[in-house]
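Trainee: Structure below; questions to follow.
Taken together, the values in this text are just the output of simple stated rules run on the coordinates, not laboratory data. Note that the structure is predicted; figures quoted are calculated from it, not measured. Here the Cβ is made from the backbone with ideal geometry for all residues, glycine too, and neighbour counts use every protein chain on show.
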Amino acid sequence: MDRPILIVEDEPKLAALLADYLRAAGHASVTVDDGLAVGPAVRRHDPALVLLDLMLPGQDGMAVCRELRGFSRVPIIMLTARVDEVDRLLGLELGADDYLCKPYSPREVVARVKAQLRRLSWAPPAAAGPGTAADPGGLTIDDSTLRASLARQPLDLTPAEFRLLKALAAQPGRVFARDQLLDQLHDDGRAVTDRAVDSHIRNLRRKLEAATGGSDPIRSVYGVGYAWEWPAG
């Protein structure tokens, strides 16, 4: 049986509407309406993805997102009526993979869900490079499990961070513009600011530095973007 989509929404009519649209698209779903119930539901149902409303009883979506990232890499799409940029970036920094602002179309929600699941199931052809035993930097990338390690230290990455790492490390030394990296996150032409990439890169750097004992494998190119440079020198 396919893993369900977990809908976290305290408005019953909206939750039912999302469930109906997901069902029509071939996705089973489970619904919870309280932030405190999300962690246990993720452990119980092992969902393929979480649709997470920001304003919830019990604990809000930001706290829920932080809790989930403590034990799960499940993709999270945040649903919010708070449209200011700070909230959007904070959501990404806490480990969310995408967001939608209310009011939204249920069809758009389903499209975003499919895009996230498609990225999880995609794997490139086998080739030499990062993820092989010959990689001199000690970087391994496993597309089948979305797991990576650097210098023999496991990296606890969100799906978005994993995609950015894979894109950068596939071409060491190449400078990727922010809009090119945005394409790795979202391929549906939506309007997303460069700061979303910066937010994900900042979190990715923090995890890479922890694995390498303080070295930063990602080089910033002022006004342009980022490049992967590891091992140093």
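Trainee: Based on the inverse mean of 1/r over its pairs of different Cα atoms, what is the Kirkwood hydrodynamic radius of segment 19-61, in Å?
Mentor: 11.2 Å
Trainee: Can you sort VAL38, VAL221 so the residue with the fewest Cβ neighbours within 10 Å comes first?
Mentor: Ordered by Cβ neighbours within 10 Å, fewest first: VAL221, VAL38.
Trainee: Determine Rg/Rh for segment 5-121; Rg is computed over alpha-carbon atoms and Rh is the Kirkwood hydrodynamic estimate from the same atoms.
Mentor: Over the Cα atoms of segment 5-121, Rg/Rh equals 0.91.
Trainee: A further question on this structure: So what is log10(I(q)/I(0)) for segment 139-228 at q = 0.14, 0.20, 0.24 1/Å, when the Debye sum runs over its Cα atoms only?
Mentor: -0.46, -0.94, -1.34
Trainee: Cut-off is 10 Å between beta-carbons; in what order do LYS13, LYS114, LYS102 appear when sorted fewest neighbours first?
Mentor: With the fewest neighbours first, LYS13, LYS114, LYS102 line up as LYS13, LYS102, LYS114.
Trainee: Explain nothing, just the number: dipole magnitude of segment 139-228 about its Cα centre with +1 on each Lys and Arg Cβ and -1 on each Asp and Glu Cβ, in debye rounded to the nearest 20.
Mentor: 260 debye
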